[in-house]
Each structure stands twice: as C-alpha cells, then as structure tokens.
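The structure appears right after this line, and notes come after that.
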Amino acid sequence: MKTTMKTIASVSFTALLVACSDGGTAPTASDDGMQSDATEESGDTAENIEAGSDGTLNIYSARHYDSDKLMYEAFEDQTGIRVRFREAGANQLLETMRAEGENSPADLIIASDAGALWRFKDAGLTQPLPEGEFEQLIPERLIEPGRQWVGLARRIRGVAYDPERISPVQVDEWQDLADPSLEGEICVRSSTNIYNLSLMAEMIEKWGAEEAQSWADAVVANMARTPQGGDTDQVEAVAAGLCSVAITNHYYWVRMTQSGSNATREAAAATQIAFPSFGEGEGIHVNITGVAMAANAQNRDEAMQFVDYLLSADGQHRLVDETKEIPVIEDVTWPQGLDAIPEFEDSDTPLDTFGERQSEAQRIYDEAGWN
C-alpha cells in the first residue's frame, strides 16, 4: 500500500511541477547538485505534505537516486515513522521554502555540497540541530560550528587525466593546472556550478584572492573548450581526445568504472583519477553531502531519529552504495569501486567557508572569463 500511495503522489506532483517549472531538463543520477534546471521531483504532493503530523517526517532533498527511496523505506520499516519527500534541485527547493515561509512542511533538508547547505542557512531556512550522538561519531570539521548542518558523506573534487599524455606530477597540486604546458588541455563545467564555486572558495581561503585570481586566469587560458556539460561529460571528453585533464568529482569517475555501458566503462578505463592538493601539507578539497534541520520543522524528534539512522552502518551503506560517495563513519565498508581512488588527506579548511566565499569565488571566475 505504501508503494502505491507514493506512485500516485509522484504522478500528481510531477503534474504540479510541469505547471511551474522553467522547462529545464531533469537531472540524472550522474549529475546532481545545484543546477537551476534540476526539475525532477517525486514524493507526495505539496498538499499532502503537512507540517506537524505525528509519526511522520518531511524531507526536502536535492538528491535524485532510487536508492534514497529504498533508504526511506528501510527507515520506515525500522521505526514506523512515515517518510514523505520532495526532490528537486537545491536552488528550487530553497525558493520553494522561501515561498512557503512559516508554513513550510519541511523537517529536514538534504543537499550535496557544503556551499549549497550554506545557502539555506544564509536564507534563514535552517535551525541548529539538537545536541546528539552524531557529534561523537564524525569529525568536527563535518559539523557546522552552530550545528546548522551535519555531513553525511564525503565527496572529493579532483581530476581525471589521460595517462598517455599527462604524468601524475602534472596534476599533483591544483597550482599545476595553471602551468602553460597544459594550454588547450583542460575540460571543466561552468563556473556557476556549486562544485566549482566551493573549490574556488577554498582556494581563496588557502591562497588569498590575488593568487586564486591568477589561477583562474591561467586555467581559462588552458581550457580546451568553453565550459559545458556535467562532470561525466568532462571525463568522456578526455577519453575522446578533446582534452587531457578534466576537473571532476571522484564519484562520477567511479560510477563510470562500474557502469553497465561498455562505452562508459571504456571511457573511464582510458583515464586515471588524481586528487590535487593545495600545496605541500595542505590536504585536498573534500566536500560533503549533508543534512540540515528546517527552520520551521515540526517533527524534530522524528528528524533526529533519521539523522541518527543515516549515521548508522545501515544508513551509511544505503546512502553511499549507489552514489559512490565516501562514508563519514569509521569501520563502514566503502562502496564497490572506491578501491580505485588514491589515498587522501582532508584539508583543514572549515566547510562553512565554502559558502561564505561563494560571491567572491564567482567574481573571480567572472573576471577570468570562466563561463
């Protein structure tokens, strides 16, 4: 009965979405994040998601994976708490919550990037999470200082490269991508993408704005083409010989290696993945998928039970097995395929910096001509 109700609700919610969307294309599981054209939604209709209902939990999620729906069902089976969810791009969810105001039924917000979560916080759409066991389970860096959000999984921004044309030393540090020897060799997506904004935000924090601007200027000069497509498209461009270095999040590359498509697996096999550091001893750019408590959440107890579940062994497996993100809990087995990524050491940059420096990051990209 539960599956039938969700299926019917999904149809009606899609109809509602078509009436108000900007006509963008729906995202796939390979390109999630903050794209404004992410219009795929599912779950109960807005009318059926009610605030303050005992024994229910309302989730607004910027993720788009079938495995998340199975994760919700597993939580329902364990706790008896009914999960109702709305999926869309993070920007769309943020604007929806703004329009709903104090009447928003959202209890939890799930987004893929600390910079995205910061946008909800900055808009006044979150509240501090109650103190809980999560503070002893995960590194302090993965918890926003005011507990406005908590990290659930790690995601690394790195590069995929053609080992026949590029040596590992040429992509050992982010500064290496600015070297003139890579002229015409770099593929990357738009500067407005949240992943690139967060990367630049950390560069500003690590190096200062002047050096970060010089880096952006040099990378634009080294681009093989105008920024376009998603991260998977960049890896495929390397395999096709259009460039030799692609900036990408690790899990896109890992999912390609595990793909059911021969062509996709072959494209990944033609490349190698590397995690550039910000300099000797400075660590690498590690971001998160995280969760925040909505400002007007009515089902707070149920929400915290779900956060605790996501940070259990079962919750972590269900959260990352399909996405190929990296668990945040020690002693949790990593998803198949992650054994192919290099060892890494997290940077110590506070994750809220990724949001605080977003506007400065975009200004630097704009001045560099990074479309």
| query | Quick one: Karplus J couplings for the range 141-147, per residue in order, coefficients 6.51, -1.76, 1.60, θ = phi - 60°, nearest Hz, x for Gly and Pro? | reply | 4, 8, 10, 4, x, x, 6
| Loop-located GluC sites (Glu not before Pro) in the range 141-194 whose Cβ has at most 12 other Cβ within 10 Å (DSSP) | Glu164, Glu183
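Looking at the range 89-171, I'd like the Rg to Rh ratio, where Rg is from alpha-carbon atoms and Rh is Kirkwood's inverse mean 1/r.
Details: Rg = 17.6 Å, Rh = 15.3 Å.
Radius of gyration over Kirkwood radius for the range 89-171 works out to 1.15.
How far, in nm, would the chain grow between Leu137 and Thr192 when pulled straight, counting 0.36 nm per residue and subtracting the alpha carbon separation?
On the way: separation 55, 0.36 × 55 = 19.80 nm, distance 3.33 nm.
Additional length available on full extension: 16.5 nm.
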| message | Taking amide H atoms as placed 1.01 Å from N in the peptide plane, list the residues 5 or more away in sequence, or in a different chain, whose amide H sits under 5 Å from that of Arg82. | response | Thr56, Leu57
| 3J(HN,Hα) from dihedral phi, the range 313-328, Karplus parametrisation 6.51/-1.76/1.60, rounded to Hz, x for glycine, proline | 4, 5, x, 4, 4, 5, 6, 10, 4, 7, 6, 6, 6, 10, x, 9
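To check you understand DSSP bridge types, tell me what percent of the beta bridges within the chain (both residues inside) are antiparallel, rounded to 5.
Details: 25 of 39 bridges.
Here the antiparallel bridges make up roughly 65 percent for the chain.
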| query | Using a Gaussian network for the chain with springs between C-alpha atoms less than 10 Å apart, which of these wobbles most: Asp352, Asp179, Asp66? | reply | Asp66
| Highest GNM mean-square fluctuation, the chain, Cα pairs closer than 10 Å: which of Val169, Val159, Val220? | Val169
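Averaged over all directions, how much area does the convex hull of the C-alpha atoms of the range 256-334 cover when projected, in nm²?
Numbers: hull surface 33.8 nm².
Spelled out: convex hull of the Cα atoms, projected over all directions, averaged, 8.5 nm².
Might you tell me the accessible area per residue for the chain, computed with a 1.4 Å probe and given in Å²?
Working: 14670 Å² over 371 residues.
Here the per-residue accessible area is 40 Å².
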| task | Return the FRET efficiency for the residue pair Trp334, Glu102: r is the Cβ-Cβ distance, R0 is 51 Å, and the value is rounded to the nearest 0.05. | result | 0.80
| message | Taking 20 °C and 1.002 mPa s as the conditions, I'd like the Stokes-Einstein D for the chain in µm²/s, using the Kirkwood hydrodynamic radius from alpha carbon pairs. | response | 102 µm²/s
| note | Reduced to Cα centres, the span from the range 92-119 to the range 55-74 in Å works out to 15 Å
| How much net charge surrounds Ile364 when only the other residues with a Cβ under 11 Å from the Cβ of Ile364 are counted, with Lys and Arg +1 and Asp and Glu -1? | -4
| Around Met200: net Lys/Arg minus Asp/Glu count, Cβ-Cβ under 9 Å | -1
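Excluding Ala313 itself, calculate the net charge of residues whose Cβ lies under 11 Å from the Cβ of Ala313, where each Lys or Arg counts +1 and each Asp or Glu counts -1.
Working: positive: Arg318; negative: Asp314, Glu330, Asp331.
Spelling it out: positives minus negatives among the neighbours equals -2.
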| Nitroxide proxy distance, nm - points 7 Å out along Cα→Cβ at Asp308 and Glu164 | 5.5 nm
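Residue separation times 0.36 nm, minus the C-alpha to C-alpha distance between Asp366 and Ala74: what's the value? Each step should come with its number before you reach the end.
Numbers: separation 292, 0.36 × 292 = 105.12 nm, distance 4.47 nm.
Taking Asp366 through Ala74 to full extension adds about 100.7 nm, to one decimal.
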| query | What GluC sites (Glu not before Pro) does the range 330-371 have in DSSP loop regions with at most 14 other beta carbons within 10 Å? | reply | Glu330, Glu343, Glu345
| said: Full-extension gain between Ser359 and Asp179, please, as 0.36 nm times their residue separation minus the C-alpha to C-alpha distance. | reply: 62.2 nm
| field | With every protein chain in place, the chain: carbon and sulfur % of accessible area (1.4 Å) | value | 46 percent
| message | For the chain, what does the helix formula give at 222 nm: sum of -39500 (n - 2.57) over DSSP H segments with n ≥ 4, over the residue count, nearest 500 deg cm²/dmol? | response | -11500 deg cm²/dmol
| query | Under a GNM of the chain (C-alpha, springs under 10 Å), which listed residue has the highest mean-square fluctuation: Gly208, Gly315, Gly184? | reply | Gly208
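The values are calculated or read from the model by the stated rules, or taken from the named source; none is laboratory data. The structure presented is a predicted model; accordingly, all values stated were derived computationally and were not measured. For neighbour counting, all protein chains shown are included, and Cβ atoms are generated from backbone atoms with ideal geometry for every residue, glycine included. The protein model used for the area step is the full one, side chains on, heavy atoms only, and it has no ligands, DNA or RNA in it. Shrake-Rupley method; radii C 1.70, N 1.55, O 1.52, S 1.80 Å.
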